[in-house]
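Read the figures in this text as sums done on the coordinates, not as results from a lab. For clarity, every value in this text was computed on a predicted model and none was experimentally measured. Cβ atoms come from the backbone with ideal geometry, glycine included; neighbour counts cover every protein chain shown.
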Amino acid sequence: MSAADRVACDYFDGRSSKRHPVTLGVEDGHAVVEGEGVSRREPLQAVRVSERMGGAARMVSFADGAFCEVRDHDALDALLHATGYRDSIVVRMQNRWRVAAAGIAICAALVVVTYLFVLPWAADQAAAHVPASAIETMSNRTLEMLDEHVLEPSKASPERARDLAAKFARLSTPDGSKIAHRVEFRSAPLVGPNAFALPSGTIIVTDELLALTDRDDEILGVLAHELGHVARRHGVRQVLQSSVVGLFVTWYLGDVSSLLTAVPAALLEARYSRDHEREADEYAARMLRHNAMSPELLAVMLGRLERAHGSGDAGSGTDDKSNDRGLPEYLSTHPATAERIEALRRP
Amino acid sequence: MSEALTKPQEAPVNNDSPKSQLALAFTASGSEYFRIWVVNLLLIIVTLGFFMPFAKVRRLRYFYANTLIDQQPLAFHGDPWKMLRGYLLMLLLFGGYAVSGYVSPWAALGVFLLLALLWPALWRSSVRFRLHNTSWRGLRFGFAGDTADAYKAMLPLFLPGLIFVAANTWFLSGVDDSDPQAMKEALEAQLPWILLGFVLMAALFPLCLQMIKRYQHQGYRYADQQGQFSAGAGAFYKFGAKFIGLSLVGFICLGVTAAVAVPLLGVVFGNTGMGGAVLIGLLFTVVYVGLLSLLGAYFTARVQNLSWNATRSQALVFSSSLSVASLTALIMKNLLLMIVTLGLYRPFAVVNVMALRLGAVEVEVEGNIDAWRASAALSTEATSGEMAGDFFGIDMGL
């Protein structure tokens with residue numbers, strides 16, 4: 001064997017820290033190490049080669065802990081090639097930019113599919129199994145907190161309130177099923193005209209919303225929308241989806257700063273919220289038609305709500321491009337009002 | 001075992017033995033690590049997490065092979081199959097904790113206490129596993145710290161922890177949580193104890209940090225060398241006081257800036273509504289993130305310098321001069337690029353932070369390193385069945 005086929009490297013015996021400059025070669029199925037004071041001959045099966053990782057030195061190690069440290073990558077590759085050695089598939093993947101690019105594309109695709117389809121589906125399945133007592137406790141806590149900080153007792157006429165709740169209870173749901181709910185009224189100067197549903201089925205209507213219209217049917221349209229949230233378990237689903245999104249964002253961005261992770265998480269969750277609003281609108285439209293009422297009732301109310309809030313806060317987006325105070329849709333928890341109204345008017 | 005430690009063999013250190021510097025270098029490149037990272041990420045996702053320990057071994061091998069001390073790389077020998085057992089054990093413990101919460105609060109408390117009680121032992125076996133599987137110039141590192149000392153080092157954190165758990169159980173057990181009034185009263189009664197726990201925790205944290213660092217650095221072994229640690233609790237309390245001072249000054253400045261800047265911007269931009277609000281929010285976020293980066297960098301750099309400047313062995317002297325300013329600048333640059341690239345910059349960020357931290361460390365050696373031999377104690381230990389603690393290959397951190 002010629003000296004040209006030998007690879008110059010460093011040898012360590014595993015017992016002392018002394019470095020021995022040696023050459024490594026292969027002769028009839030044996031690895032041969034030669035140098036000053038070193039002479040080894042081991043069968044190839046008993047020799048291990050570390051994977052190639054960029055420019056880092058590679059180890060050719062023996063069973064007793066001794067090893068050669070090789071920096072001449074091309075010479076070692078040629079030597080290994082002659083013995084029929086092949087890099088593992090992971091190493092070959094790691095050394096190719098094309099594979100890295102494909103890897104990113106596949107990871108991104110998996111994440112997007114999970115975000116768009118798998119997670120909403122899984123949250124829907126899981127929401128059905130959340131015990132009613134847990135939903136009840138969670139909703140009661142939320143209402144207590146709201147009552148303490150945001151809401152005040154209703155000043156609306158008790159007759160109108162009772163009348164509205166009774167009218168709503170007489171409506172039947174699109175699929176005819178009974179959905180446990182309770183309509184409550186509160187004054188909310190901080191929030192303004194609004195209505196919202198808690199997962200337990202408690203629907204809260206603000207006095208300010210009642211003041212927007214004299215037509216009870218329009219309020220019933222809003223209640224049908226809120227019942228849609230209850231029927232589809234949007235509250236529980238949103239909690240489940242948000243936890244997964246939050247966990248993922250925290251893991252991906254690392255524990256850099258809670259603020260930095262909160263912003264992308266909120267943006268990602270807003271999409272789920274918009275989907276839920278669309279679903280609730282659709283539910284309301286079907287429920288209204290089912291009771292021989294027009295979806296236009298809700299559409300009119302959405303228009304009133306938007307005009308009342310004006311500035312696009314409190315969740316009602318606007319598609320008026322000239323209005324620089326409106327939030328762009330991807331930032332908002334609600335779809336643009338014009339788009340919602342148009343969807344409701346579609347036959 | 002102690003004989004090997006106290007008697008330097010073959011290379012008696014005397015006054016005229018030559019001193020030399022061992023240069024530390026980190027030669028990993030972001031683009032190489034990026035490809036390793038992507039392939040790891042993909043395989044972790046495809047195998048539903050099963051590949052995690054294998055990914056970790058690949059990452060450590062790459063980093064170690066690129067950590068050169070005196071031009072010779074470190075090597076990592078951990079067996080990913082052993083580490084998989086460690087991962088499954090961790091999954092079992094934390095999963096058990098998460099699930100037990102649904103069963104009953106008492107079950108959760110039981111699993112939590114079990115975790116807390118096991119933690120120092122798990123931590124010790126993790127440090128041990130890592131060092132036993134690290135080598136340089138063909139000799140393995142070792143870790144001499146024992147389990148009892150691991151518990152002692154973490155004891156200062158157990159006291160406030162115990163107060164939290166006891167206060168929670170004492171005041172909240174048996175309270176009907178659907179009754180808001182009873183719940184409120186119980187929480188109010190519990191509050192002073194929780195506050196006491198926090199105060200104790202803040203007061204004991206520097207001591208605990210010093211004990212943990214001392215435990216780790218005194219346990220490090222290589223050949224006949226055994227770590228020595230000379231920083232006392234006083235030095236860590238001084239650091240703690242400075243850190244709290246810096247945080248206070250930083251947050252007060254932040255508050256004052258906000259109080260001045262918000263009305264000022266209002267005047268400058270007039271009533272532009274959203275535009276002005278977004279600008280103010282953005283500015284505030286940048287300043288806030290800058291402050292957090294500074295505090296994080298200050299903590300990392302000062303603890304690294306304090307710990308390594310206090311570390312030596314019979315023939316080795318370590319020193320570290322990591323600059324807070326350059327680490328802050330690097331962290332901020334990394335954050336910005338991570339945001340711009342939607343996180344794809346992360347492997348580059350990991351590599352450049354490690355390069356900065358390792359580049360700040362210097363090692364001075366007395367005598368000729370070529371003559372060092374594997375410690376007799378270490379080699380018998382590594383081959384004997386005493387590795388039972390490493391059966392699970394628990395490896396935390398990094």
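List the trypsin sites (Lys or Arg not before Pro) in the stretch A:175-239 that DSSP assigns to loop (not H, G, I, E or B) and whose Cβ has at most 14 other Cβ atoms within 10 Å. Which are they?
Answer by residue number: A:Lys178, A:Arg215.
Could you work out how far apart the two model spin labels at B:Cys253 and A:Trp121 are, taking each label as a point 7 Å from the Cα in the direction of the beta carbon, and quote it in nm?
5.2
Specify which residue in the list B:Leu196, B:Val351, B:Leu336 is farthest towards the positive end of the charge dipole of the protein assembly as shown, using unit charges on the beta carbon of Lys, Arg (+1) and Asp, Glu (-1), about the Cα centre.
Result: B:Val351.
Taking the Cα centre of the stretch B:58-142 as origin, sum charge times position over the Cβ atoms of Lys and Arg (+1) and Asp and Glu (-1), and report the length of that vector in debye to the nearest 20.
My answer is approximately 260 debye.
Evaluate the distance, in nm, between pseudo-label points positioned 7 Å from the Cα of B:Ala241 and of B:Val286 along their respective Cα→Cβ axes.
Between B:Ala241 and B:Val286, the label points sit 3.7 nm apart.
In peptide A:45-55, how many Cβ atoms from other protein chains are near each Cβ within 10 Å, on average? Walk me through the numbers on the way to the answer.
Working: counts 0, 0, 0, 0, 0, 3, 4, 0, 11, 11, 6.
For peptide A:45-55, the averaged partner shielding equals 3.
Enter the mean number of other protein chain beta carbons within 10 Å of the beta carbon of each residue in B:335-341, as an integer.
On the way: counts 4, 0, 0, 5, 5, 0, 0.
Mean partner-chain Cβ count within 10 Å for B:335-341: 2.
Sort B:Trp193, B:Trp81 so that the residue with the fewest other Cβ atoms within 10 Å of its own Cβ comes first and the one with the most comes last.
Details: B:Trp193 16, B:Trp81 11.
Fewest-to-most Cβ neighbours within 10 Å comes out as B:Trp81, B:Trp193.
Subtract the Cα-Cα distance of B:Glu362 and B:Leu118 from 0.36 nm times their separation in residues, and report this length gain in nm to one decimal.
84.3 nm
Using a Cα-Cα cut-off of under 21 Å, which lysines could be cross-linked to B:Lys242, ignoring same-chain neighbours fewer than 8 residues away?
Of all the lysines, those that pass the test against B:Lys242 - Cα under 21 Å, at least 8 places apart if same chain - are B:Lys213.
Report the full-extension gain for the segment B:Ser323 to B:Ala98: residue separation times 0.36 nm, less the Cα-Cα distance, to one decimal in nm.
Numbers: separation 225, 0.36 × 225 = 81.00 nm, distance 4.04 nm.
Once the chain is fully extended between B:Ser323 and B:Ala98, it gains 77.0 nm.
What FRET efficiency do you get for A:Ser187 and B:Ser31 if R0 is 60 Å and r is their Cβ-Cβ distance, rounded to the nearest 0.05?
0.45
Over all residues in B:26-38, what is the mean tally of Cβ atoms on other chains that come within 10 Å of each residue's Cβ?
Partner-chain Cβ atoms within 10 Å, mean over residues of B:26-38: 5.
Output the 0 to 90 degree angle, nearest 10, between the alpha-carbon long axis of helix A:234-253 and the longest principal axis computed from the alpha carbons of chain A.
Once rounded, the angle reads 30 degrees.
For A:His290 and A:Ala180, calculate 0.36 nm times their separation in residues minus their Cα-Cα distance, and state this gained length in nm to one decimal. If you can, show how the numbers build up before the last one.
On the way: separation 110, 0.36 × 110 = 39.60 nm, distance 1.86 nm.
Gain on extension, A:His290 to A:Ala180, equals 37.7 nm.
Roughly how many debye, to the nearest 20, is the charge dipole of the stretch A:132-345 about its Cα centre, given +1 on each Lys and Arg Cβ, -1 on each Asp and Glu Cβ, and no other charges?
Charge dipole, the stretch A:132-345, about its Cα centre: 500 debye, nearest 20.
Among A:Thr173, A:Thr337, A:Ala66, whose Cα lies farthest out toward the positive end of the dipole of chain A, if unit charges sit on the beta carbon of Lys, Arg (+1) and Asp, Glu (-1)?
Farthest towards the positive pole: A:Thr173.
Based on DSSP, what percent of beta bridges with both residues in chain A are antiparallel, to the nearest 5?
Taking every DSSP beta bridge with both residues in chain A, the antiparallel ones total about 85 percent.
Order by neighbour count: B:Phe251, A:Phe185, B:Phe112, fewest other Cβ atoms within 10 Å first, most last.
In increasing order of surrounding Cβ atoms, one gets B:Phe251, B:Phe112, A:Phe185.
Taking the simple approach of a point 7 Å from Cα along Cα-to-Cβ for both A:Arg278 and B:His77, what is their distance in nm?
Inter-label distance under the simple model: 5.9 nm.
Compute the long axis of helix A:132-149 from its Cα atoms, compare it with the longest principal axis of the Cα atoms of chain A, and write down the angle in degrees, 0 to 90, nearest 10.
Once rounded, the angle reads 70 degrees.
Using only DSSP helix segments of four residues or longer, with each worth -39500 (n - 2.57), what per-residue ellipticity at 222 nm results for the protein assembly as shown after dividing by its residue count and rounding to 500?
It comes out at -20000 deg cm²/dmol, rounded to the nearest 500.
Restricting to bridges with both residues inside the protein assembly as shown, how much of the DSSP beta-bridge set is antiparallel, in percent to the nearest 5?
90
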